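This report concerns only the one structure given below.
The values are calculated or read from the model by the stated rules, or taken from the named source; none is laboratory data. Because the structure is predicted, anything quoted here is derived from the model rather than measured. Glycine also receives a Cβ, built like all others from the backbone with ideal geometry; neighbour counts cover every protein chain displayed. Side chains included, ligands, DNA and RNA excluded: accessible areas come from the protein's heavy atoms. Shrake-Rupley method; radii C 1.70, N 1.55, O 1.52, S 1.80 Å.
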Amino acid sequence: QVQLVESGGGLVQPGGSLRLSCVVSGMIFRFYAMGWYRQAPGKQRELVARIFGDGITEYSDSVAGRFTISRDNAKNTVYLEMNSLKPEDTAVYYCNKVGAPLLNWGQGTQVSVSS
């Protein structure tokens, strides 16, 4: 059974940084494009960054230039380095495959940006 376990969230001041991790088990990780999604209160879940098996990355306009997605196929882990955080980045962050069918969602990790 595939499991996604996110970690690394927390409370940070505007302008601060966090690094999120997502450990994936139960599938051949390196074959799949992986993404980081977020869901803010009252809003739909959105894809903010994705990385393909060959390492190519893409970002939403809202995080481009501030967030960096990476992966370690040997550790079945995908990372999200978040810099210059803004209050509007406050959300629960999840990782998942990119493209259907999505995997069962993990518990996510809360990121709160506030002074």
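Hey, can you grab everything whose amide H is under 5 Å from the amide H of Val48? Only 5+ residues off in sequence or another chain; H modelled, so Pro and N-termini drop out.
Here Trp36, Tyr37, Arg38 satisfy the definition.
Dipole of the chain, Cα-centred, from +1 at each Lys and Arg C-beta and -1 at each Asp and Glu C-beta, to the nearest 20 debye? Write down the numbers at each step before the final one.
Values: 11 positive and 9 negative charges, 31 e Å.
Charge dipole, the chain, about its Cα centre: 140 debye, nearest 20.
Given a 1.4 Å probe and every protein chain left where it sits, what share in percent of the accessible area of the range 17-115 is carbon and sulfur?
Answer for the range 17-115: carbon and sulfur cover 49 percent of the accessible area.
Hey, with R₀ at 22 Å, roughly what FRET efficiency would Val5 and Ile56 work out to, going by the Cβ-Cβ distance, to 0.05? Each step should come with its number before you reach the end.
Values: r = 25 Å, r/R0 = 1.12.
The pair Val5/Ile56 has a calculated efficiency of 0.35.
Within the chain, what percent of beta bridges assigned by DSSP are antiparallel, to the nearest 5? Spell out each step's value before the answer.
Numbers: 34 of 37 bridges.
Once the DSSP bridges in the chain are tallied, antiparallel ones form about 90 percent.
Using a 1.4 angstrom probe, figure out how much accessible area the range 43-85 has per residue, in square angstrom, rounded to the nearest whole. It would help to have the intermediate numbers written out before the result.
Numbers: 2330 Å² over 43 residues.
Counting only protein heavy atoms, the per-residue value for the range 43-85 is 54 Å².
Whose amide H sits under 5 Å from the amide H of Gly16, counting only residues 5 or more places off or on another chain, with H placed in the peptide plane?
It is Leu85, by chain and number.
Could you give me the ³J(HN,Hα) list for the range 98-113, computed from phi with Karplus coefficients 6.51, -1.76, 1.60 and θ = phi - 60°, whole Hz, x at Gly and Pro?
These are the phi-based 3J(HN,Hα) values: 9, x, 6, x, 6, 7, 4, 5, x, 7, x, 9, 7, 10, 10, 10 Hz.
Show which aspartates and glutamates lie in cross-link reach of Lys43 when reach means a straight Cα distance below 18 angstrom and same-chain residues fewer than eight apart are skipped.
Cross-link targets: Asp61, Glu88, Asp89.
What list of ³J(HN,Hα) values in whole Hz, one per residue of the range 40-57 in order, does the Karplus curve 6.51 cos²θ - 1.76 cosθ + 1.60 (θ = phi - 60°) give from phi, with Gly and Pro shown as x?
8, x, x, 10, 6, 5, 10, 7, 10, 7, 9, 9, 8, x, 8, x, 5, 10
Radius of gyration and Dmax for the chain's Cα atoms, expressed in Å?
For the chain, the Cα radius of gyration and maximum Cα-Cα distance read 13.2, 41 Å.
Can you list residues from other chains, or at least 5 along the same chain, whose modelled amide H is less than 5 Å from the amide H of Arg71?
Those qualifying (amide H under 5 Å, at least 5 residues apart or on another chain) are Tyr79.
Using Cα pairs closer than 8 Å and at least 6 residues apart in sequence, work out the relative contact order for the chain, in percent. Intermediate values should be presented prior to the final figure.
Numbers: 274 pairs, mean separation 42.2, N = 115.
Rounded, it is 37 percent for the chain.
May I ask for the net charge around Val78, where only other residues with Cβ less than 12 Å from the Cβ of Val78 are counted and Lys, Arg are +1 while Asp, Glu are -1? Each step should come with its number before you reach the end.
Numbers: positive: Arg19, Arg30, Arg50, Arg71, Lys75, Lys97; negative: Glu6, Asp72, Glu81.
Net of charged neighbours comes to +3.
Expressed in nm to one decimal, what extension gain is obtained for the pair Gln107 and Glu81 from 0.36 nm per residue of sequence separation less their Cα-Cα distance?
Working: separation 26, 0.36 × 26 = 9.36 nm, distance 1.90 nm.
Gain on stretching Gln107 to Glu81: 7.5 nm.
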